[in-house]
Every structure is written in C-alpha cells, then in structure tokens.
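The values are calculated or read from the model by the stated rules, or taken from the named source; none is laboratory data. Just so it is clear, the model here is predicted, and its values are computed rather than measured. No Cβ is skipped: glycine too gets one built from the backbone with ideal geometry, and neighbour counts run over all protein chains shown.
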C-alpha cells in the first residue's frame with residue numbers, strides 16, 4: 001500500500017530513473033509506427049466498404065432481406081467490424097501517445 005501511495009503522490013524533487021527517461025522516446029516511436037500502420041489499414045478498410053443501400057429499398061420501402069439479417073457473417077460485415085476495431089485502437093493509442101508526451105514534457109506528474 002505504501003508503494004502505491006508513493007507512486008500517486010510522487011515528489012517533484014525526486015530523480016526519475018534513467019531507464020524511464022531513456023525509454024520514453026523509444027515508446028513514442030513504437031506508438032507512432034503502430035499508428036501509421038493502423039492509419040494505412042483504416043484507409044484500406046474504408047475503401048473496401050460498399051455503400052449501405054443500393055437504391056431499390058427506397059422505392060419499395062422493404063429492407064428486411066436475408067442479407068440484412070446475416071450481415072455480420074459476410075465479408076462486408078467483417079470489414080465493418082475490423083474498421084471499428086482499427087478506429088477504436090487508433091483512438092486509444094492517440095490518447096496514450098498524448099499522455100506520454102505530456103509526461104515526458106514535464107507538464108503532468
């Protein structure tokens with residue numbers, strides 16, 4: 001319990017370990033590389049997607065088809081799920097990168 005409390009209430013005059021200071025730039029480079037790969041993957045996934053409607057449902061008003069009920073098992077459904085996973089992973093990594101940048105700059109913690 002004492003160790004957790006000392007991490008939360010860190011002393012500003014206390015020196016930071018050198019491995020932490022040396023690892024921040026490496027971690028930032030790794031996160032930026034992963035973000036670049038995810039950005040390219042997100043672009044490809046979005047381009048692979050088809051439009052939601054084909055125009056015929058606007059005339060008839062019926063959109064309950066076998067394809068609409070089993071959309072998750074098709075390739076388009078899987079691409080849509082992968083797009084959501086890729087975008088949410090990018091968002092989380094961007095937040096981690098922002099927080100690490102602020103810690104490394106000395107404005108947080």
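For residue 99, indicate whether it is at pLDDT 85 or above and part of a helix (DSSP H, G or I). Spell out how you get there, then give the answer.
Numbers: at pLDDT 85 or above: yes; part of a helix (DSSP H, G or I): yes.
It is true that residue 99 is at pLDDT 85 or above and part of a helix (DSSP H, G or I).
Within the range 4-95, considering only helices (runs of 4 or more DSSP H) that don't extend past its boundaries, which have at least 1 residues that are modelled with pLDDT of 65 or more and loosely packed, with under 12 Cβ neighbours inside 10 Å?
Values: elements: 18-48, 56-60, 66-69.
Passing ranges, in order: 18-48.
Could you run through the range 77-98 and say how many residues are in contact (Cβ under 8 Å) with a residue 24 or more places away in the chain and either out of contact with any helix residue (DSSP H, G or I) (no Cβ under 9 Å at 6 or more places or on another chain) or closer than 15 Å to residue 27 by Cα (or both)?
Applying the first criterion (in contact (Cβ under 8 Å) with a residue 24 or more places away in the chain) to the range 77-98 yields 79-80, 82-83, 86-87, 89-90, 93-94, 96-97.
From what is left, the residues that are either out of contact with any helix residue (DSSP H, G or I) (no Cβ under 9 Å at 6 or more places or on another chain) or closer than 15 Å to residue 27 by Cα (or both) are 93-94, 96-97.
Residues meeting the conditions: 4.
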